[in-house]
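Colleague: One structure coming up, written as structure tokens, with questions to follow.
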């Protein structure tokens with residue numbers, strides 16, 4: 001099922017994200033974790049792509065297996081980094097064979113210690129979106145940054161980049177993580193004022209370990225509210241307590257979003273079935289009301 005069709009239905013969606021293994025020997029463990037999340041029967045699942053396409057085969061295999069075994073629609077990520085038209089054509093062909101209909105087109109991260117030009121045939125996600133739409137009947141989504149993409153010169157430049165993605169054929173956008181819902185609401189106002197009308201899905205990251213805070217800020221430059229800093233300071237040294245607090249904080253964000261009319265939520269569950277289940281359990285009665 002194409003994600004655009006899901007988003008058009010008059011129902012709430014809750015989706016989860018997983019990542020493939022970097023090494024073949026780790027595939028079984030990652031598959032077990034991903035299948036554990038798939039057994040929760042989320043609205044759909046997203047499978048990430050390694051830096052420079054390093055996990056391409058694993059991404060496609062994992063996404064395909066989730067659909068076949070659990071009948072859960074999947075999105076396979078695809079990136080511009082180190083990609084040529086030939087390599088993208090090959091990936092699209094493999095996705096078609098695996099029954100994958102949905103792609104998240106991203107600029108992507110440059111591999112660590114990479115020397116050379118990482119962007120040859122595709123410099124921007126909008127170019128990748130256009131190429132995908134020209135080479136198959138895929139539903140294509142993109143990413144957006146409520147707090148501005150780290151490489152954007154300004155908020156306005158960031159908005160213009162999103163317009164290019166949508167014009168190229170991007171059918172929905174999923175946000176990078178954020179920990180303050182007001183940032184998302186302000187972003188939505190700017191985006192809609194700019195005439196961008198595609199569905200925008202907030203991405204929520206449950207922080208269950210203290211070290212994740214630094215990684216999140218480094219990755220996306222997101223703001224960390226004092227309220228959340230206090231939670232990390234108080235519970236960060238105790239694994240079980242931080243895990244519980246992180247799940248509760250993420251759940252609180254989601255409840256607030258739903259209460260304000262946001263019907264689609266994406267959770268960066270990071271191969272953690274217990275975290276995904278904890279959030280889903282916390283929302284069990286709420287999802288019945290908003291569905």
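Colleague: I'd like to check something: does segment 238-251 contain any residue that is in contact with a strand residue (DSSP E or B) (Cβ under 6 Å, 6 or more places away or on another chain) and under 30 Å from residue 189 (Cβ atoms)?
Modeller: Taking every residue of segment 238-251 in turn, at least one turns out to be in contact with a strand residue (DSSP E or B) (Cβ under 6 Å, 6 or more places away or on another chain) and under 30 Å from residue 189 (Cβ atoms).
Colleague: Also: Filter segment 227-239 down to residues that are under 20 Å from residue 147 (Cβ atoms) and at pLDDT below 90 and give me whichever is surrounded by the fewest Cβ atoms within 10 Å (Cβ to Cβ).
Modeller: Among residues in segment 227-239 that are under 20 Å from residue 147 (Cβ atoms) and at pLDDT below 90, the one surrounded by the fewest Cβ atoms within 10 Å (Cβ to Cβ) is 229.
Colleague: Step by step: first the residues of segment 197-226, then only those that are assigned to a loop (DSSP other than H, G, I, E, B) and crowded, with 19+ Cβ neighbours inside 10 Å, then the one that is modelled with the lowest pLDDT. Which residue is that?
Modeller: Restricting to residues being assigned to a loop (DSSP other than H, G, I, E, B) and crowded, with 19+ Cβ neighbours inside 10 Å, the top hit is 222.
Colleague: Looking at (1) surrounded by 15 or more Cβ atoms within 10 Å (Cβ to Cβ); (2) within 29 Å of residue 151 (Cα to Cα); (3) at pLDDT below 95, which is the only condition residue 105 fails?
Modeller: So residue 105 meets the others, but not (3).
Colleague: Has segment 244-261 got at least one residue that is assigned to a loop (DSSP other than H, G, I, E, B), at pLDDT 95 or above and surrounded by 19 or more Cβ atoms within 10 Å (Cβ to Cβ)?
Modeller: Scanning segment 244-261 turns up no residue that is assigned to a loop (DSSP other than H, G, I, E, B), at pLDDT 95 or above and surrounded by 19 or more Cβ atoms within 10 Å (Cβ to Cβ).
Colleague: Here is a further query. What are the pairs with Cβ atoms under 6 angstrom where one residue, in segment 1-29, is touching a residue at least 60 places away in the same chain (Cβ under 8 Å) and the other, located anywhere, is loosely packed, with under 14 Cβ neighbours inside 10 Å and part of a loop (DSSP other than H, G, I, E, B)? Sequence gap at least six, or different chains.
Modeller: If the second residue must be loosely packed, with under 14 Cβ neighbours inside 10 Å and part of a loop (DSSP other than H, G, I, E, B), the pairs left are 11/291; 12/291.
Colleague: Provide a single number: the residues in segment 77-95 that are outside any loop (DSSP other than H, G, I, E, B) and in contact (Cβ under 8 Å) with a residue 24 or more places away in the chain.
Modeller: 11
Colleague: Among the listed residues 122, 178, which satisfies the condition of being over 28 Å from residue 255 (Cβ atoms), in contact with a strand residue (DSSP E or B) (Cβ under 9 Å, 6 or more places away or on another chain) and assigned to a loop (DSSP other than H, G, I, E, B)?
Modeller: None of the others qualify; the one that does is 122.
Colleague: Condition (residue is at pLDDT below 95 and part of a loop (DSSP other than H, G, I, E, B)) applied to segment 64-76: is it met by at least one residue?
Modeller: Taking every residue of segment 64-76 in turn, none turns out to be at pLDDT below 95 and part of a loop (DSSP other than H, G, I, E, B).
Colleague: Go through segment 125-154 and report how many residues are surrounded by 15 or more Cβ atoms within 10 Å (Cβ to Cβ) and assigned to a helix (DSSP H, G or I).
Modeller: 9
Colleague: Sticking with this one: Just one of (1) touching a residue at least 60 places away in the same chain (Cβ under 8 Å); (2) part of a loop (DSSP other than H, G, I, E, B) trips up residue 279, so point out which.
Modeller: Going through the list (1) touching a residue at least 60 places away in the same chain (Cβ under 8 Å); (2) part of a loop (DSSP other than H, G, I, E, B), residue 279 breaks only (2).
The values are calculated or read from the model by the stated rules, or taken from the named source; none is laboratory data. This one's a predicted model, so the numbers in the text were calculated from it and none came from an experiment. Because the Cβ atoms are built from the backbone with ideal geometry, glycine has one as well, and the counts that use them run over all protein chains shown.
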